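Accompanying notes for the structure given below.
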Amino acid sequence: MHPSKSIIFFTVMSGTGYGIIICLSFLALIAEINFNYGFKLSLILISFLFITLGLLSSTLHLGHPERAWRSFSQWRSSWLSREGLAAILTYIPLMIFYLLWFLEMDIFKYFLYSASILSVITIYCTGQMYASLKTVPAWHNVYVTPIYLINGLSIGSLSIYCLTRFYESEIQHLYQFTLLSLALCLLLKITYWFHIRTKSTSSINTAIGLGKDNKVSFFEGPHTGKNFLTTEMINKIKKEKANFLRLCFIILSCVLPMYMIVQEATLIIDAFILKLSFFITLVFALIGMLIERYLFFIQAKHVVSLYYGENKV
Amino acid sequence: MTSLPAKQNKKLGLVIDLDICVGCHACAVNCKEWNTSGHSSPLHDIDPYGDDPTGVWFNRIHTFEVESEINGSKTVHFPKSCLHCSDAPCVTVCPTGASYKREEDGIVLVNPETCIGCKLCSWSCPYGAREYDEEAGIMKKCTLCVDKIYNENIPESDRVPACVSTCPAGARSFGDLGDENSNIFKLVEERNGYDLMPEQDCLPTNKYLPPREKNNQFKNDALNSITNDNDFSFDTWKEIIEDASK
């Protein structure tokens, strides 16, 4: 599938923003989350900007962005419609939470929990939009939606962790929570990569329909040039390059952050270098997530490629 | 709108005979010709006279090689356009309701006024029936020539899709595949018409007829007699031909 820049940016950024909210609600459940104003303001700004910039970027790939509002109407059948609706609904408790949290009013927790539930629903809808597509076997499986959720959560909690380093504060249980979500993120992705090695039941034989007693092979495409289907649905990446990028994701988004968190005490003495290195860690982790999302698209084969020379998908 | 109709009064669709199709691409050309000035007009082309032309086409002809022990090797030309599925995923994934299936005849259409161009319908279609128009910013597709088959300004005999009326070999048939008494339904029964990718569960309306089995008895007999007969001459060959043509 064509790795559209705006969709990759959207899913990673908004996922991270929602992840921050979800992680924050977990922390609020088990500990106090009343930090100093600077820390609060940074968290509010970062989560708001990530979610909003992501959502705005998602409209960039539309042919008619000015009609985007129409997509809220078909929530009965369409995961994309549900995703848009959930994303907008999340803003209501989210904005109230921001305000109440900043004003230090205790009922902020209830709005945080509501925003967190709606964030989970939004990411769930994003995942289901891909997972419901039978035409793309690499997406039509049980791993895709949990991956979207855990990726958002791990990078979201990492963002909060990096901010605590920046403001030299501590949040109870955040250390374990971040490590656990990063480890889960890595484990789930590797399981997914193993899973997508199995081929789907659709093949050139079922696509042409003559494969029962015959050997069917591709002879000639409909034309020598490209068309919408080949540019949108049929994209290839060399195996070596894909493996290299997978390794980049593992190191940048999982191993490096975990190493930094665990080895922090032994690594860094200077306070400024500590802040800087955690900032770099977060940037690297985000780059790793963009790479993971790029692979999610470029390595997913669409069954229409069976009409353009593939024998299996 | 986005949900599929509970029932279909008719199932209008095409039947494509892979035994007859000669791969001349006339159906695809006439499809472009009609539709670039009809319901979906214009079907934009990008860089049409340049090095790397692309454009919107609703119908394309692929070619495959089909080999079997009995029939040997055979070239099969394979035209493919929208199959107007009964369980069309392109309709249900649409976030705006622009993509819809008509209750009266089962034709799947796109409303150009409400399509936002998100391309999700094209992802959900296993057959690659959807065509995004880059210039117009909306999705387009085969309309089964909805502006031709009901058009009272043209003679009744012409009220079939452009691809059907133009096929010089008669490889394409059009009709109501939901009507068990229709000729097209009987044709599918008789020739073991089949669905493409049934495992995708889209229940396509369009059917494909497989190439007929070749009768190779004569060819095999002739070849055997040639290879077994050391005294084979032009006269014996001529006799075989004459026998066969009687």
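We did not get these values from a lab; they are worked out from the coordinates using the rules stated. Because the structure is a prediction, the values reported are computed rather than measured. Positions of Cβ are generated from backbone atoms using ideal geometry, with glycine treated the same way; all protein chains shown enter the neighbour counts.
Whole Å is fine, so just give me how far the alpha carbon centre of region A:127-151 lies from that of region A:67-95.
After rounding, the separation between the Cα centres reads 19 Å.
List the relative contact order of chain B as a percent without decimals, with contacts defined as Cα pairs under 8 Å and 6+ residues apart.
27
Each residue of region A:178-187 in turn: what ³J(HN,Hα) in whole Hz from Karplus with 6.51, -1.76, 1.60 and θ = phi - 60°, glycine and Pro shown as x?
5, 4, 5, 5, 5, 5, 4, 4, 5, 4
Can you check what the net charge comes to around B:Gly55, using other residues whose Cβ is under 12 Å from the Cβ of B:Gly55 (Lys, Arg +1; Asp, Glu -1)?
Numbers: positive: A:Lys226, B:Lys32, B:Arg60, B:Lys140; negative: B:Asp45, B:Asp47, B:Asp52, B:Glu131, B:Asp133, B:Glu134, B:Glu135.
So the environment of B:Gly55 carries a net charge of -3.
In degrees, nearest 10, range 0 to 90: what is the angle between the Cα axis of helix A:37-58 and the longest Cα principal axis of chain A?
It is inclined by approximately 20 degrees.
Mind pulling the angle between the C-alpha long axis of helix A:108-131 and the longest principal axis of chain A? Nearest 10 degrees, somewhere in 0 to 90.
On a 0 to 90 degree scale, this one is about 10.
Using only alpha carbon pairs under 8 Å that are at least six residues apart, calculate the relative contact order of region B:1-124 and give it in whole percent. Please report the intermediate quantities before stating the final value.
Working: 183 pairs, mean separation 40.2, N = 124.
Reported as a whole number, the value is 32 percent.
Please rank A:Trp193, A:Trp139, fewest neighbouring Cβ atoms within 10 Å first, as an exposure proxy. Spell out each step's value before the answer.
On the way: A:Trp193 16, A:Trp139 24.
Ascending number of Cβ neighbours within 10 Å: A:Trp193, A:Trp139.
Would you mind checking which residues have amide H under 5 Å from B:Cys142's amide H? H placed 1.01 Å from N; only 5 or more apart, or other chain.
The list, which skips near neighbours in sequence, is B:Cys82.
Just rank A:Arg76, B:Arg60, A:Arg246, fewest to most, by other beta-carbon atoms within 10 angstrom.
On the way: A:Arg76 12, B:Arg60 22, A:Arg246 17.
Taking fewest neighbouring Cβ atoms as first place, the list is A:Arg76, A:Arg246, B:Arg60.
So which residue, out of A:Val136, A:Val12, A:Val120, gets the largest mean-square fluctuation from a GNM of chain A using Cα contacts under 10 Å as springs?
The residue with the greatest mean-square fluctuation here is A:Val136.
Could you line up A:Tyr307, A:Tyr175, A:Tyr110 from fewest to most neighbouring Cβ atoms inside 10 Å?
On the way: A:Tyr307 24, A:Tyr175 16, A:Tyr110 13.
Sorted ascending by nearby Cβ count, the order is A:Tyr110, A:Tyr175, A:Tyr307.
When chain B is modelled as a GNM with alpha-carbon springs shorter than 10 Å, which of B:Ser68, B:Ser173, B:Ser124 fluctuates the most?
B:Ser68
Residue by residue through B:56-65, how many Cβ atoms from other chains fall within 10 Å of the Cβ on average?
Taking all residues of B:56-65 together, the mean is 5.
Pick from B:Gly50, B:Gly128, B:Gly72 the residue whose mean-square fluctuation is largest in a GNM of chain B, springs joining Cα atoms under 10 Å.
Result for chain B, Cα springs under 10 Å: B:Gly50 fluctuates most.
Pick out, in residue order, every one of the chymotrypsin sites (Phe, Trp or Tyr not before Pro) in region B:107-154 that is DSSP loop and has at most 10 other C-beta atoms within 10 Å; say none if there are none. Spell out each step's value before the answer.
On the way: sites: B:Trp123, B:Tyr127, B:Tyr132, B:Tyr150; in loops: B:Tyr127, B:Tyr150.
Qualifying residues, ordered by number: B:Tyr150.
Hey, what number do you get for chain B at 222 nm if only DSSP H runs of n ≥ 4 count, each worth -39500 (n - 2.57), divided across all residues, to the nearest 500? Please list the in-between numbers first.
Values: 8 runs with 60 residues, N = 246.
It lands at -6500 deg cm²/dmol.
Let me have the relative contact order for region A:5-307, percent, based on Cα pairs under 8 Å that are six or more residues apart.
Working: 366 pairs, mean separation 66.5, N = 303.
Relative contact order of region A:5-307: 22 percent.
With n ≥ 4 as the cut-off for DSSP H runs, can you work out [θ] at 222 nm for chain A, using -39500 (n - 2.57) per run divided by the number of residues, rounded to the nearest 500?
Numbers: 11 runs with 203 residues, N = 313.
Result for chain A: -22000 deg cm²/dmol, rounded to the nearest 500.
Just to confirm the number: angle between the C-alpha axis of helix A:5-30 and the first principal axis of chain A, 0 to 90 degrees, nearest 10?
It is inclined by approximately 40 degrees.
Would you kindly derive the ³J(HN,Hα) couplings of region B:84-96 from the backbone phi angles with the Karplus curve 6.51 cos²θ - 1.76 cosθ + 1.60 (θ = phi - 60°), listing them in order in whole Hz, with x for Gly and Pro?
Ordered by residue, 3J(HN,Hα) equals 6, 4, 6, 10, 7, x, 5, 7, 6, 7, 4, x, 10 Hz.
Go through region A:251-262 residue by residue and turn each phi into a ³J(HN,Hα) via Karplus (6.51, -1.76, 1.60, θ = phi - 60°); whole Hz please, and just put x for glycine and proline.
Result, ordered by residue: 6, 5, 9, 10, 5, 4, x, 5, 4, 4, 5, 6 Hz.
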